Structures are given as structure tokens and as C-alpha cells.
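The values are calculated or read from the model by the stated rules, or taken from the named source; none is laboratory data. No experiment lies behind these values; they were computed from the predicted model shown. Heads up, the Cβs are rebuilt from the backbone with ideal geometry, glycines too, and the neighbour counts pull from every protein chain shown.
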Amino acid sequence: MMGDGTAGTWHLRVGPQPANGVAHRQPLHATLADSLMSLPFNNVEADYFATATGGTESFVVNELKQSGAFDIKAAKGGVLFRASLRAAMDMCLHSRIAGRVLMRRGSGDAGNADQLYDAVRALHPEAWVAEDQLVACRVTGTNSELRTTHFSAMRMKDAIVDACRDTHGWRPSVDTKHPDFALHARIRGPRADFSIDMCGRPLNQRGYRAQSVEAPIKETLAAALLRFGGWAGNRPFVDPMCGSGTLVIEALEMAMGTPAGMRRSFSFERWPFAGQYLPTWREVRDVSEPADDPPPMPIFYASDRDGAAVDATRANLKRAGHEEKAVVSCAPCSRVTIPWGAFVAVNPPYGERMDPRQVLSAHRDLFERAKAAGALVTIISLEEVLRQTFRWRPLRTLEVRNGPLRCQIAVYDFGER
Ligand SMILES: C[S@@+](CC[C@H](N)C(=O)[O-])C[C@H]1O[C@@H](n2cnc3c(N)ncnc32)[C@H](O)[C@@H]1O
């Protein structure tokens, strides 16, 4: 797919560089022109990869279809696709479930540290970084010479810094947490595939989390739970263990059609040549402005037995601009009122520190109430916890990764009985 080297497309094959390094010291305008020529402006298509938590790839596939991507192929840990830059920017703005969107920039020899260095220089990273911007390199995979991802990332960073110094006369600083420009490499045997992160902060960072609790669910996983549960915004919504309120905010915004990335910025807005496509980006954003006549909304309830969690939910709802839209209260789930036919989304505490008897009794209380209300319950927990604590059979289940934990999302429909 990649690497036909044709000028005017973004495909770029990265090969070994001349040993004397002369090719590295091209004048700025030639380097920039070269790099810009190969970028996917004006609806030229390019290859991308949207990362996704294991188990959630199929939801990202559906999001990509809505963003106008094509040649969509689910892979391990994400989804490959082709798209115009416009569609890729649309995906950054709207995806609730992808972790990042990466623009693929070709592959190169990476059998050893020097080859990796040369391959990064051949990408002309100096065209992607402005003075005072921060850079980062992220690596997956090793080979017999590049034995740690940390070492490879350092070598790639050297290449970026040297390229900027040789071309511009200044050196960018490194910030692995909040870079303006992040280059990813996937090392496989003697080759590496390179991609540039379009997002900056990962997409789960929507910009509404002002306060947190212990073990908050990632926004992207919360959205996947809601999609798997079939949340359509047309029933009362209840989160009886709301923690910091992620599920209720995601549910609200899905019902309202609010773009997930509405409050945040993206790396691609800061690339030095962003002026080339900012008008298109503005159009993408404008089309996504909330409608004047929002759809009728159901009632949203969020509660937790912990007062600090309730405060966090209120603070986050306020930051998201939704403080009037949900009823938040402090109560154990055994006392929560569940309206008839509600959609109940639950992220109970799980993990080693939990007393199984406590978990069992909280789950049973909640499920008895949900059953009496003919509710649809979508819950994420450890598979063995769900198996042990419930005598009901789930309608459907999905295995997902939550950090290091293998979890299950299970849907129970008591309205059908
Ligand atoms: C894993 S956290 C939820 C995280 C939340 N989804 C978020 O995004 O921050 C579990 C929450 O369940 C609450 N909880 C545990 N047992 C409960 C019970 N019996 N009734 C109500 N809340 C309970 C805890 O106080 C905690 O805030």
C-alpha cells in the first residue's frame, strides 16, 4: 500500500540515506516543499491507523464509516483505513472510542540504530516542528540490534533534533507527555513503519475531567460500553456507581450528538504548515456545531455512595457544560430509584482489593432493582466476577482490555422477561 514514491501523493518510501549525509542538509524550502508535496492536502487520500483498546475495534470501524473513511480494516489494537485529511480530522473530532489517529508515513530500514536514525531523517521531521515546539518518539517492537523501545525512541529523537538543528539552527525540546509533534515507529524485524500522531493528547482526554476518583473508567472505554449496550438516548439513564461521572457525561453527549473532541485541540492544528488546511478544519468544526433545536433528552441520574465521587461528578458535569442536565445524588446503589425501562450503566469497583462478598451483595441489590424496573443493564467487570455474582444470563458479552485487566462488558435485558 505504502511507498510508491510518487510526487503529489503522500506515499513515501524511506530508504537508506547517503553515507555522507548530504541529503540531510537540504535547504529549508526544498525540504518543506518536498514534505508538503507528499502530504494529503486537497482531498488526496492517505493511509491512517486509529488505535483502539482491545475488543473495541469494531466500534471504531463504525465510526470511521461515518467519518467518510474507506478501505477500513480492523487489526490488532486498532483499525487501518484510507481517508482524505478532512475525513481523518473529522475522525479526530468525532471518535468517542479511538485512542489516537496516526497518519502513516511509510516504512524504512531499521536493522540497527544508524539505519533507524537515517530512516527518521529521511522523513524530514524538520518540516513538522516549529521553533519552541515539543517533540516525542514512541516505539513498539524490538529486533536483535534495537533491543529496547527506549533506546530506539532516543535514536529517533536524536534524528529529529539533528534535523532541526541542521536545517533551522535550533533544537526542539522533548516532552513525552504533551508533545506538539510525536513520531511513532513500529519495528518489525529489520524494518520500521512510521506514523505521525494527529492528536497530541490521546483522544480519551476530552477536556471535561476536572476531578477524578480512584479507578475512573477511560472515556473511550465508557463510550464503548454505551455503544455495546445499545445506548440510543431514548430511555432514562442511570449510573448508580458514577465515580467521576464519565459514563453519564459520555451518555449525555452521545444523546446530544456532541463531538467528543469539541473542547480540545489536536497536534495537526500546530504543524508548521497547518495554514494549508486550517480552512478545511474550520469547516469540519463548523459542521459539527450543536444544532439550535437539540433532540428531546431523557432524564439522566448519577449517584454514588461516596460523597467525594458525587462532588467529582458534579464538577465534571459543570466543566462539560451539562450541570443542569443530570440529577446527581449521594446514595448506595441499594437505594437508587430506577425508572421503568431505564438504561443502567455500571462500572463497579473490581480488582484484587475488593472483598468478593461486598461486591456480590452490591451487585445483587442493584440487579434486583433493575429487574423490578424492567431495565437494560450494561456492566463492565472481571468476567469471573460477573459469572459468580449473577444467576441471570447476559443478552450479549464482549471481552475488552481495561489497562492490564481482561474485562467483560455484559448486557442484561430485564425488559424482555
Ligand atoms: C470504578 S469506580 C467508578 C468509576 C466511574 N465510572 C468513573 O468514571 O469515574 C466505582 C464506584 O462505585 C462506587 N460504589 C461502590 N460500591 C457502591 C455501592 N454499593 N453503592 C454505590 N456506589 C458504590 C464507588 O464509590 C466508586 O466511586
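Assorted remarks:
- Looking only at residues in segment 284-293 that are touching a residue at least 60 places away in the same chain (Cβ under 8 Å) and in a helix (DSSP H, G or I), the one that is nearest to the ligand (Cβ to nearest atom) is ARG285.
- So ILE338, is it touching a Pro at 6+ places or on another chain (Cβ under 6 Å) and of a type in the set (A, V, I, L, M): no
- Qualifying residue in segment 266-283 (condition: in a loop (DSSP other than H, G, I, E, B), within 14 Å of the ligand (Cβ to nearest atom) and in contact (Cβ under 8 Å) with a residue 40 or more places away in the chain): no
- Scanning segment 298-320 for residues that are away from the ligand (no atom under 12 Å from the Cβ), surrounded by 14 or more Cβ atoms within 10 Å (Cβ to Cβ) and either assigned to a loop (DSSP other than H, G, I, E, B) or outside the structural domain of ALA251 (by TED's automatic domain parsing) (or both) yields one hit, PRO298.
- Any hit, segment 34-41, residues being in contact with a strand residue (DSSP E or B) (Cβ under 7 Å, 6 or more places away or on another chain), crowded, with 19+ Cβ neighbours inside 10 Å and hydrophobic (A, V, I, L, M, F, W, C): no
- Any pair with Cβ under 7 angstrom, 6 or more apart, that starts in segment 294-311 at a residue that is in contact (Cβ under 8 Å) with a residue 24 or more places away in the chain and on the phi < 0 side of the Ramachandran plot and ends at one that is hydroxyl-bearing (Ser, Thr, Tyr) and assigned to a loop (DSSP other than H, G, I, E, B): ALA309/SER244
- Single residue of segment 321-349 satisfying the filter (more than 12 Å from the ligand (Cβ to nearest atom) and of a type in the set (D, E, K, R)) that is surrounded by the most Cβ atoms within 10 Å (Cβ to Cβ): LYS325
- Restricted to helices (runs of 4 or more DSSP H) entirely inside segment 17-126, those with at least 2 residues that are within 20 Å of PRO179 (Cβ to Cβ) and at pLDDT 95 or above are 85-94, 113-121.
- Residue within segment 209-219 that is within 16 Å of the ligand (Cβ to nearest atom) and not in a loop (DSSP other than H, G, I, E, B) present: yes
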